[in-house]
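Heads up: the structure comes next, in structure tokens.
Values in this text are rule-based calculations from the coordinates and carry no lab data. Everything quoted here is computed from the prediction, not taken from an experiment.
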């Protein structure tokens, strides 16, 4: 298997929450690997390459019951925050080098929706190193 086959396997799974042990090597923890796999999968199905999702249940008019990160992955807020910290960075962070090196970018818009996007270039480079 090479990095492209592995990447395609992640984005092809729409039904389940997938734990890819290999992703733990680039994401630092099991929870981060699960979150990264979920973000990759959702981004691959998005028309614009990114998507928004709420961290926890809320009263936002666009929130759908059971569709927050913590509900979907059965993570506590602390588990989610720790997982995201290992793989992502706020896209508006002034440290441009950190932004370029993150596997995931996120930001919250004026409507209080948090958007997620995969840094595909960085992800594929990290996977290529694993498959050498």
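The helix-only estimate of mean residue ellipticity at 222 nm for the chain, built from DSSP H runs of length n ≥ 4 each weighted as -39500 (n - 2.57), is -14000 deg cm²/dmol after division by the residue total. Just checking the listed ones, 33, 111, 102: in the Gaussian network model of the chain with Cα springs under 10 Å, the one fluctuating most is 111. Relative to the longest principal axis of the chain, what angle (0 to 90°, nearest 10) does the C-alpha long axis of helix 77-87 take? Taking the Cα atoms of the chain, the angle to 77-87 is about 40 degrees.
Any idea what angle helix 120-130 forms with the longest principal axis of the chain, computed on alpha-carbon atoms, 0 to 90 degrees, nearest 10? With rounding to tens, the tilt is 40 degrees.
In the chain, the longest principal axis of the Cα atoms and the axis of helix 30-45 are about 80 degrees apart. For the chain, the relative contact order is 25 percent, taking Cα pairs closer than 8 Å that sit 6 or more residues apart in sequence and dividing their mean separation by the residue count.
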